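What follows is a set of notes on a single structure, which appears directly below.
The values are calculated or read from the model by the stated rules, or taken from the named source; none is laboratory data. Computed from a predicted model, the values in this text were never measured in an experiment. Here Cβ is always computed from backbone atoms with ideal geometry, including for glycine, and neighbour counts include all displayed protein chains. The accessibility values were calculated without ligands, DNA or RNA, using every heavy atom of the protein model including side chains. Shrake-Rupley method; radii C 1.70, N 1.55, O 1.52, S 1.80 Å.
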There are 2 protein chains.
Amino acid sequence: MSIENLSCNKSFGGWNKQYGHDSSALNCRMRFAIYLPPKVASGERVPVLYWLSGLTCTDENFMHKAGAQRMAAELGLAIVAPDTSPRGDEVANDEGYDLGQGAGFYVNATEAPWNRHYRMYDYITDELPKLIEANFPVTDQRAIAGHSMGGHGALMIALRNPERYRSVSAFSPISNPLNCPWGQKALSAYLGSDQAAWRDYDASVLMRQSEAKIPARVDQGDDDEFLAEQLKPETLEAAANANDYPLELHRHSGYDHSYFFIASFIEAHLRFHAGHLGL
Amino acid sequence: MSIENLSCNKSFGGWNKQYGHDSSALNCRMRFAIYLPPKVASGERVPVLYWLSGLTCTDENFMHKAGAQRMAAELGLAIVAPDTSPRGDEVANDEGYDLGQGAGFYVNATEAPWNRHYRMYDYITDELPKLIEANFPVTDQRAIAGHSMGGHGALMIALRNPERYRSVSAFSPISNPLNCPWGQKALSAYLGSDQAAWRDYDASVLMRQSEAKIPARVDQGDDDEFLAEQLKPETLEAAANANDYPLELHRHSGYDHSYFFIASFIEAHLRFHAGHLGL
């Protein structure tokens, strides 16, 4: 599993880098970003936060706009930001911003033409961490977080793999894709019309039935333009309450769906994960 | 002087906004961004830092990538980020990224076709502050800062108008445009071939002869790809030494010309200005 360094920028005493690699899960060339805190220069290994971005994003949006490196440097935490879908001329796509490239929804597609490349679930849960842990000075202690589509991806992946993550957090997640337009469009395309198959990829369904529990935090702005139709955090909250799941849901007056919201509270999320990662 | 609100995002308890307005200095429609810290909600007026961006930037780059809002909120400082040139189909342009739209160099052009719109010096020193002070809860206490072309613009404008600014700072400024390719290309186009006219717009020339002095800080990464050919901070440093000008020049090992560098040290710049603005 060879990786190719594409960029390196010093940032808060550490290093923000991009790498390219051939993905076997996705059957295409992929790019990811990684932030390594200054601590690694002394040979120390650090835990990793995986950040899953939202619709239309690449590996760059979070690293450029969230301002996360400051606290990651201070806490001694690496951050890995993968792309949001397979990419390339050979990869199926759609004209909408909410399906196809930039909109992988972190599932393993079973339907043509998507099933040839769209296996983001396997990529995030298995291939990418193996690559990271083989190539960088990190431990196998992981946390996972994300925004919107990626906030849902983080919750869904953590709920299905509680042994692999110490904690999970999300900004403005699509909380219940079974019951919103973005989720229904993507899941019907990637998984087919039988909604039984969708349930394994729905964080609200999973949170209601999960036996193993890890600390979860969600932050939601109440001026978010997608709140009522697409995000529905009350569904996730009801699932947590029904199953006594340790979910902290923080609502914030006046904040919207943008990176201005993420930047305002990323420090709180990083401190939340650091606490559970023993930093 | 009416202004039109184009966007509003809550950020660190304050508000990141964009406005459009007709500029008389530039003879076209312009857009700027402003960050207002939470303190203004209680009716208090705050001082303003003007941020001048570099080549190719708009009013958005700094507000999205520098992570400045956190400290501006804490310190109680407004930030105004103008665009880097006049804009529009009617405005002269060039195929290069370093001339024309996105590359106004903060001068008043005297040569055709540029002289019809390119009066960024007047816009930044006069029209924009009047607009800001008439429309927002700010005081007339100002500081000015910038990056690269905008770092030079901030130094040059502060050196020519020391009574208007309490302090000035720059990241990776083009320190001596008379003697580098970017500066020579832009100044010859905007001001003509007589280099005598260029000297009023060169920070190293101005710092060597300035009588009034305000606190100045420059930060420069030593892995900056433009350092030797375009930036030449040693010229500015020599001018400051020759004139006993209060310039702090901070060099940083391993940092480049990107916003990763700016983000890493923006807190230090905002604290520098806050100290001189009495915050």
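Around the Cα centre of region B:13-141, unit charges on the Cβ atoms of Lys, Arg, Asp and Glu (plus for the first two, minus for the last two) sum to a dipole of about 480 debye.
Using helices alone, I'd like the mean residue ellipticity at 222 nm for chain B: each DSSP H run of four-plus residues gives -39500 (n - 2.57), total over residue count, nearest 500. Walk me through the numbers on the way to the answer.
Values: 8 runs with 80 residues, N = 279.
After summing the helix terms and dividing by residue count, I get -8500 deg cm²/dmol.
Shortest first, A:PRO181 label-point distances to identical copies amount to 5.0 nm, with the label point at 7 Å from Cα along Cα→Cβ.
Shown here for region B:178-279: trypsin sites (Lys or Arg not before Pro) in loop regions (DSSP other than H, G, I, E, B) with at most 14 other Cβ atoms within 10 Å, of which there are none.
Dividing the mean sequence gap of close Cα pairs (under 8 Å, 6+ apart) by how many residues chain A holds gives a relative contact order of 17 percent.
Under 12 Å of direct C-alpha separation, and excluding same-chain neighbours fewer than eight residues apart, B:LYS65 reaches these aspartates and glutamates: A:GLU60. Extents of region B:103-166, taken as max minus min of Cα coordinates on every principal axis and listed largest first, are 38, 24, 19 Å.
If the only charges are +1 at each Lys and Arg Cβ and -1 at each Asp and Glu Cβ, what is the size of the charge dipole of region B:3-277 around the Cα centre, to the nearest 20 debye?
Values: 24 positive and 35 negative charges, 171 e Å.
Approximately 820 debye in magnitude.
Rounded if a/c is under 1.5, else prolate if a/b beats b/c, else oblate: with a ≥ b ≥ c from the C-alpha gyration tensor eigenvalues square-rooted, which is region A:194-279? The shape class here is oblate.
Only loop residues by DSSP count here, and only those with at most 15 other Cβ atoms within 10 Å; note down the GluC sites (Glu not before Pro) in region B:211-267 that meet that. Don't skip to the answer; put the middle values down first.
On the way: sites: B:GLU211, B:GLU225, B:GLU229, B:GLU234, B:GLU237, B:GLU248, B:GLU267; in loops: B:GLU211, B:GLU225.
Here the sparse-neighbourhood loop sites are B:GLU211, B:GLU225.
Each semi-axis of the equivalent ellipsoid for region B:142-239 is √(5λ) with λ an eigenvalue of the Cα gyration tensor; in descending order they amount to 19, 17, 11 Å.
Using the Cα coordinates of the protein assembly as shown, the gyration tensor eigenvalues translate into equivalent-ellipsoid semi-axes of 45, 24, 23 Å, sorted from longest to shortest. Taken over the alpha carbons of region A:203-251 as equal point scatterers, the Debye sum produces base-10 log I(q)/I(0) values at 0.16, 0.19, 0.30, 0.32 Å⁻¹ of -0.43, -0.59, -1.16, -1.25.
When B:GLY43 is represented by a point 7 angstrom out along its Cα-to-C-beta vector, the spacings to that point in the other copies are 6.3 nm, nearest first.
Taking a ≥ b ≥ c as the square roots of the eigenvalues of the Cα gyration tensor of region B:89-129, is the shape rounded (a/c under 1.5), prolate (a/b larger than b/c) or oblate? Walk me through the numbers before you get to the answer.
Details: a/c = 2.02, a/b = 1.63, b/c = 1.24.
Cα axes put region B:89-129 in the prolate bin.
Comparing B:HIS269, B:SER85, A:GLY254 along the charge dipole axis of the protein assembly as shown, the residue lying farthest to the positive side is B:HIS269, per the Cβ-charge model. The largest accessible area among A:THR139, B:THR110 belongs to the first residue in B:THR110, A:THR139, and the rest follow in falling order (1.4 Å probe, all chains). Accessible area of B:GLU60 (1.4 Å probe, protein heavy atoms only, ligands and nucleic acids ignored): about 60 Å².
Evaluate 2.2 N^0.38 Å with N set to the residue count of region B:1-99, then give the Cα radius of gyration divided by it. Could you put the intermediate results ahead of the total?
On the way: Rg = 14.6 Å, N = 99, 2.2 N^0.38 = 12.6 Å.
It is 1.15.
Using the membrane-span-like helix rule (whole DSSP H runs, Cα extent along the own axis of at least 30 Å, mean Kyte-Doolittle hydropathy at least 1.6), which helices of chain A qualify? Present the calculation step by step, with values, prior to reporting the outcome.
Working: long enough: none.
TM-like helix candidates: nothing returned.
Using equal-weight Cα scatterers in the Debye expression, the normalised intensity of region B:3-277 in log10 at q = 0.15, 0.16 Å⁻¹ is -1.08, -1.24. Copy-to-copy label distances for B:ALA112, where each label lies 7 Å from Cα along Cα-to-Cβ, are 6.5 nm in order of increasing length. Summed over both chains, the contact between A and B buries some 1800 Å² of accessible surface at a probe radius of 1.4 Å. For the protein assembly as shown, the Cβ-based charge dipole about the Cα centre amounts to some 1080 debye (Lys, Arg positive; Asp, Glu negative; other atoms uncharged). For B:SER193, the solvent-accessible surface computed with a 1.4 Å probe is close to 110 Å², ligands and nucleic acids excluded.
How much of the accessible area of the protein assembly as shown, probe 1.4 Å, is carbon plus sulfur, in whole percent? Spell out each step's value before the answer.
Values: 8710 of 19950 Å².
Summing carbon and sulfur atoms, their accessible area is 44 percent of the total for the protein assembly as shown.
With a cut-off of at most 16 other beta carbons within 10 Å, and DSSP calling the residue loop, which trypsin sites (Lys or Arg not before Pro) in region B:1-66 qualify? Please list them.
B:ARG45
Computed on the Cα atoms alone, the convex hull of region B:43-124 gives a volume of 110 cubic angstrom per residue.
Counting only heavy atoms of the protein chains, get the accessible area per residue of chain B (1.4 Å probe) and round it to a whole Å² value. All intermediate terms of the calculation are to be shown ahead of the outcome.
Numbers: 9990 Å² over 279 residues.
With the other protein chains kept in place, chain B gives 36 Å² per residue.
What is the mean number of Cβ atoms from other protein chains located within 10 Å of the Cβ atom of each residue in peptide A:64-70, rounded to a whole number? Before the final figure, lay out the partial values.
On the way: counts 7, 5, 1, 9, 1, 4, 6.
Going residue by residue through A:64-70 and averaging, the value is 5.
Say the cut-off is 31 Å between C-alpha atoms; which of A:LYS17/B:LYS213; B:LYS185/B:LYS213; A:LYS130/A:LYS213; A:LYS17/B:LYS39; A:LYS10/B:LYS213 go over it? From the list (A:LYS17/B:LYS213; B:LYS185/B:LYS213; A:LYS130/A:LYS213; A:LYS17/B:LYS39; A:LYS10/B:LYS213), the Cα-Cα distance tops 31 Å for A:LYS17/B:LYS213; A:LYS17/B:LYS39; A:LYS10/B:LYS213.
Projection of the Cα convex hull of region A:64-193, averaged over all directions and equal to a quarter of that hull's surface, yields 8.8 nm². When chain B is turned onto chain A, the axis of that turn runs closest to one Cβ of chain B, and that residue with its distance in whole Å is B:GLY67, 2. The Cα center of region B:133-195 and the Cα center of region B:72-86 differ in position by 15 Å.
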